[in-house]
Amino acid sequence: MKHYSKSKGFTLVELTIVIVVVGILITYVVLMWPDKSIELDTQAAQLASDIRYVQSLSMSHNNNTATNNLYLYRLDLSNSNQYQILDGSGNPIKYPPGSSTTIVSLGNGISMSNNRTSYLVFDGTGTPYYSQTASGTGNKATQNMTITLSSPGVSNVRLRVYRYTGLVEKI
């Protein structure tokens, strides 16, 4: 009678467990890997949303002219790595509402620039104004504003704020 010896290989169960564990590890690493293009797009979407929020703050106070600076909310774009929302007197407001912070920092390695001004101001009708100071009206927008977000090794993302309506879109 022939006697078969046990082979010294791996069983199907052992191979399956190893493949499942390696698959889980690869999935975790891929999900945690920082993808700058996704981060840049997300930051642009957040900035566009925040611009719309500032516009809605000004419009919700039902102030139809730019003569009363009290309700002219503005977005401070003077820093290339962060921005903040200011009230009509130039005081920072807490954002998001209910939080303790007033500054929105851009992601690591992301910088911002624009072709118009340090402060984007909205009146009660939602019309954009450009200002170089933290308080006061500034000048009514005569040209569209382009805000560029950039990060090394990734294509820039640009937002446009239209001069008459304050519409914000990714271009």
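Could you go through the stretch 77-85 and let me know if any residue there is modelled with pLDDT of 90 or more, part of a loop (DSSP other than H, G, I, E, B), buried (at least 19 other Cβ atoms within 10 Å of the Cβ) and among the hydrophobic types (A, V, I, L, M, F, W, C). Yes, the conditions are met somewhere in the stretch 77-85.
Quick grid of which residues meet (1) over 18 Å from Q55 (Cβ atoms); (2) free of Cβ contacts under 8 Å to residues at least 24 places away in the same chain; (3) of a type in the set (S, T, N, Q):
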residue: P128; (1), (2), (3): no, no, no
residue: S131; (1), (2), (3): no, no, yes
residue: K140; (1), (2), (3): no, no, no
residue: Q143; (1), (2), (3): no, no, yes
residue: T146; (1), (2), (3): no, no, yes
residue: V154; (1), (2), (3): yes, no, no
residue: L159; (1), (2), (3): no, no, no
residue: R163; (1), (2), (3): no, no, no
residue: E169; (1), (2), (3): no, no, no
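Which of the residues spanning the stretch 140-171 are farther than 19 Å from E39 by Cβ and either out of contact with any Ser or Thr (no Cβ under 9 Å at 6 or more places or on another chain) or assigned to a strand (DSSP E or B) (or both)? Matches in the stretch 140-171: K140, T142, Q143, N144, M145, T146, R160, V161, Y162, L167, V168, E169.
Could you go through the stretch 26-47 and let me know if any residue there is part of a helix (DSSP H, G or I), in contact with a Pro (Cβ under 9 Å, 6 or more places away or on another chain), modelled with pLDDT of 90 or more and surrounded by 14 or more Cβ atoms within 10 Å (Cβ to Cβ). Looking for residues that are part of a helix (DSSP H, G or I), in contact with a Pro (Cβ under 9 Å, 6 or more places away or on another chain), modelled with pLDDT of 90 or more and surrounded by 14 or more Cβ atoms within 10 Å (Cβ to Cβ), one finds none in the stretch 26-47, hence no.
Which members of the stretch 110-139 meet the condition of being in a strand (DSSP E or B) and either in contact with a Pro (Cβ under 8 Å, 6 or more places away or on another chain) or farther than 19 Å from M59 by Cβ (or both)? Correct list: S111, M112, S113, N114, L120, V121, F122, N139.
The values are calculated or read from the model by the stated rules, or taken from the named source; none is laboratory data. Here the structure is a predicted model, which is why all the values come from computation and not from measurement. Neighbour counts run over all protein chains shown; Cβ positions are idealised from the backbone, glycine included.
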